[in-house]
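Novice: Mind looking over this structure? Questions follow.
The values are calculated or read from the model by the stated rules, or taken from the named source; none is laboratory data. Here the structure is a predicted model, which means the values were calculated and not measured. Please note: Cβ atoms are built from the backbone with ideal geometry, for glycine as well, and neighbour counts cover all protein chains shown.
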Amino acid sequence: MADIKLLASLPKAELHLHIEGTLEPTLMWALAKKHGITLPYNSVDDIAKAYQFDDLQSFLDLYYQGANVLRDEDDFFQLMWAYLLRCKEDNVVHTEMMIDPQTHTSRGIGFDVFMTGFTRAIEKAKNELGISCYLILSFLRHLSEEDAIETLAQANDYYEDFIAVGLDSSELGNPPEKFVNVFEQARALGFKCVAHAGEEGPPEYVWQALELLKVDRIDHGVRSAEDPKLMTHLAAQKIPLTVCPQSNLKLRVVNDMAEHNILKLLDEGLLVTVNSDDPSYFGGYMNDNFVALNDALSMSDAQMIKLAKHSFDGSFLPETIKQQWL
Ligand code: ES4
Ligand code: ZN
């Protein structure tokens, strides 16, 4: 069983995180009060108690409702700064995180508001904490491709701030093939591409993300294990899978952490990484996810070190910087 001291000593990168999913109940409560918003909860404790989910959709309903308290530039700054402070505690030195613009633009909050707040916190973290941060513009797949195309156009003044585009929200019934055109546009603009696939959806969705959207990395992807050909392809092409153990448990993608397949995927040669997804909702940040895995599956020191190294290997950092961490 790997040592917790080793975990703390290992520099790590987080590659699968939704910034809106870092909204802690205390900040949600404070922002609701600040803006005079009535929440369907009686206390901060009540918010945390409501975080019991049956599946992805039951989580998404609360996640979008929670984001409604984010209104002005300083709210977005606070959200980002709190997460980056938390990264420091876990020795996370680099993060590549998703922003869901449509969650905000649909409420009349523009890129100028949330991007100004986010980038102010990111600059501060770079200077004061030595943490680097890349942003991924993620499209909500339960909305139309047209909406995604319009969102990409609205981001025009902020292209420099994004490294990639992504695809998240309700997976089943919204396959990657629905977004071929917008991903083609994004690639033509020079963005890297990622997509959630194989979380609740079948291996076929992972194939589609790879072949139709030409993604550089798969978010989740744990259901790939059901397709041996896909496993061989992922290993041969070194496609990173950004796995989120506590998320998978909370959303019942796995019934028990002891049944999680991440170490099996690792031992089969896949470039898997550990990530926290929506840490406020799923009960833990980066190191908590490692601890939960270690407690249930008793990973070796070598496996822990490999997972930490993979987090840089699977990142979009320039090769020279990657090498410094490998
Ligand atoms: C998400 Cl866990 C997960 N899956 C899909 N979409 C998401 N958005 C935020 N968290
Ligand atoms: Zn996710």
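Novice: Test each condition in (1) within 21 Å of the chain's Cα centre (by Cα); (2) assigned to a helix (DSSP H, G or I); (3) surrounded by fewer than 18 Cβ atoms within 10 Å (Cβ to Cβ) for residue 130 and report the one that comes out false.
Specialist: (2)
Novice: Among (1) in contact (Cβ under 8 Å) with a residue 40 or more places away in the chain; (2) more than 16 Å from ligand 2 (Cβ to nearest atom); (3) at positive phi; (4) of a type in the set (Lys, Arg), where does residue 214 come up short?
Specialist: (1)
Novice: Considering only residues that are away from ligand 2 (no atom under 16 Å from the Cβ) and surrounded by fewer than 21 Cβ atoms within 10 Å (Cβ to Cβ), which ones fall in region 139-151? Working first, answer last.
Specialist: Within region 139-151, the subset away from ligand 2 (no atom under 16 Å from the Cβ) is 143-151.
Hits for region 139-151 are 143, 144, 145, 146, 147, 149, 150.
Novice: Checking residue 16 against (1) touching a Cys at 6+ places or on another chain (Cβ under 9 Å); (2) farther than 21 Å from residue 282 by Cα, which single condition isn't satisfied?
Specialist: It is condition (2) that residue 16 fails.
Novice: Can you tell me which residue among 229, 238 is surrounded by fewer than 17 Cβ atoms within 10 Å (Cβ to Cβ), in contact with a strand residue (DSSP E or B) (Cβ under 7 Å, 6 or more places away or on another chain) and of a type outside the set (Asp, Glu)? Step through it out loud before you land on a result.
Specialist: Numbers: 229 fails: in contact with a strand residue (DSSP E or B) (Cβ under 7 Å, 6 or more places away or on another chain).
The conditions single out 238.
Novice: Which of the residues that make up region 12-34 are in contact (Cβ under 8 Å) with a residue 60 or more places away in the chain, surrounded by fewer than 22 Cβ atoms within 10 Å (Cβ to Cβ) and more than 16 Å from ligand 1 (Cβ to nearest atom)?
Specialist: Passing the criteria: only 25.
Each row is one residue, and each column tells you yes or no for (1) in contact with a Ser or Thr (Cβ under 9 Å, 6 or more places away or on another chain); (2) in contact (Cβ under 8 Å) with a residue 40 or more places away in the chain.
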site	(1), (2)
149	no, no
153	no, no
161	yes, yes
174	no, no
178	yes, no
185	no, no
199	yes, yes
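For every residue, the table says whether it meets (1) away from ligand 1 (no atom under 16 Å from the Cβ); (2) at pLDDT 95 or above; (3) under 17 Å from the mean Cα position of the chain (by Cα).
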{"site": "237", "(1), (2), (3)": "yes, yes, no"}
{"site": "244", "(1), (2), (3)": "no, yes, yes"}
{"site": "249", "(1), (2), (3)": "no, yes, yes"}
{"site": "258", "(1), (2), (3)": "yes, yes, no"}
{"site": "271", "(1), (2), (3)": "yes, yes, yes"}
{"site": "274", "(1), (2), (3)": "no, yes, yes"}
{"site": "288", "(1), (2), (3)": "no, yes, yes"}
{"site": "296", "(1), (2), (3)": "yes, yes, no"}
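Novice: Can you give me the number of residues within region 255-277 that are buried (at least 17 other Cβ atoms within 10 Å of the Cβ) and without any contact (Cβ under 8 Å) to a residue 24 or more places away in the chain?
Specialist: Of the residues in region 255-277, 0 are buried (at least 17 other Cβ atoms within 10 Å of the Cβ) and without any contact (Cβ under 8 Å) to a residue 24 or more places away in the chain.
Novice: Still on this structure, please answer the following. Just to check your reading of the model, which residue among 7, 15, 31 is closer than 30 Å to residue 317 by Cβ and touching a Lys or Arg at 6+ places or on another chain (Cβ under 8 Å)? Steps first, please.
Specialist: Numbers: 7 fails: touching a Lys or Arg at 6+ places or on another chain (Cβ under 8 Å); 31 fails: closer than 30 Å to residue 317 by Cβ.
15 is the lone residue from the list that is closer than 30 Å to residue 317 by Cβ and touching a Lys or Arg at 6+ places or on another chain (Cβ under 8 Å).
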